[in-house]
Amino acid sequence: MIDKEEYAMNGEDKIKDAFKEKDWTEIRTNDSWALFKIMGEFVEGFEKMSKIGPCVSIFGSARTKTDNKYYALASEVAHKLTQQGFGIISGGGPGIMEAANKGAREGGGKSVGLNIELPFEQEPNPYIDSDKNLNFDYFFVRKVMFVKYSQGFIVLPGGFGTLDELFESLTLIQTFKIGKFPIVLMGSEYWSGLIDWIKKSLLEAEGNISPQDLNLFQLADSADEAVKIITDFYSKYTLKPNF
């Protein structure tokens, strides 16, 4: 976790860089190199991820400690999913992500880590399969890999990044960009306030979502409940990659 001084300095540097005067040649050169880097991340991701088979993505906070109940829950649900034939995809870092990869490793399943390069926070955890450890500089490329190669999503308590991943998945399902794959929010105590706000503000007060959108996710408080939601869904289908 970064301290307030580092946070402020990093933010100031980004603002100054955004307003720094650049000539057309510099802009074009920077954009061209960024384009090649983005393409490279997509190519590497597609090549590696296309070989992994059916997987479930597990989202959650990088800041969760190993003695936290949600760390244990993430590890347990990952382990039990591997016993049902699923590999596990996490963000590759510490906290809930580490717990997910740990459970996958202990369950003998595929353990995938999609790491993001950050200034202060993230290093790959030691439970990722060596041939399934990918590094990204761009969040949007990383999110494509989470969604494109997952057959379900388990969301444990987390911060802004976890919410971003949750709502990305919900949006893609709501808009029919991907199939209606199961999304499970684990920890009703943690998620109940958000769900109440979605119902009262988004749906009832403003009509910004449809009533059926509330069926895009389910709550679970135990690993067995979460695994049952995933396996019940796939009892109707033949397991196959989501692409």
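Here, each number is a calculation from the coordinates, and none is a lab measurement. What you see is a predicted model, and the numbers here were worked out from it, not measured in a lab. Counting neighbours? That spans all protein chains shown, and the Cβs are built from the backbone with ideal geometry, glycine included.
Of the options CYS55, ALA99, GLY179, report the single residue whose Cα projects farthest towards the positive end of the charge dipole of segment 54-183 (beta-carbon charges: Lys, Arg +1; Asp, Glu -1).
The residue sitting most towards the positive pole is GLY179.
Counting other C-beta atoms within 10 Å, which of ILE154, ILE183 has the fewest, and how do the rest follow?
Sorted ascending by nearby Cβ count, the order is ILE183, ILE154.
Given segment 4-234 reduced to its alpha-carbon atoms as identical point scatterers, what log10 I(q)/I(0) does the Debye formula return at q = 0.10, 0.14 Å⁻¹?
The calculated log intensity ratios at q = 0.10, 0.14 Å⁻¹ are -0.50, -0.92.
Please report, largest first and rounded to whole Å, the three semi-axes of the ellipsoid equivalent to segment 60-142, where each semi-axis is the square root of five times an eigenvalue of the C-alpha gyration tensor.
Whole-Å semi-axes of the equivalent ellipsoid: 20, 15, 9.
Using r as the Cβ-Cβ distance of THR175 and ASP196, and R0 as 35 Å, what FRET efficiency do you calculate, to the nearest 0.05?
Computed FRET efficiency for THR175 and ASP196: 0.90.
Check PHE59: other-chain or 5+ apart residues with amide H under 5 Å from its amide H, H built from backbone geometry?
Residues meeting the criterion, in which the H sits 1.01 Å from N, are ILE154, VAL155, LEU156.
Would you mind calculating the relative contact order of segment 4-234 from Cα pairs under 8 angstrom and at least 6 residues apart, reporting the percent as a whole number?
The value is 18 percent.
Peptides 203-210, 86-93, 158-165: what's the order by average Cβ count within 10 Å, highest mean first?
Put in order of decreasing packing, that is 86-93, 158-165, 203-210.
Taking the beta-carbon count within 10 Å as an exposure proxy, list MET97, MET39, MET145 from fewest neighbours to most.
Fewest to most other Cβ atoms nearby, the residues stand as MET39, MET145, MET97.
How big is the dipole moment of segment 81-178 about its Cα centre under a simple scheme where the beta carbon of each Lys and Arg is +1, that of each Asp and Glu is -1, and everything else is neutral? Debye, nearest 20, please.
It works out to roughly 380 debye.
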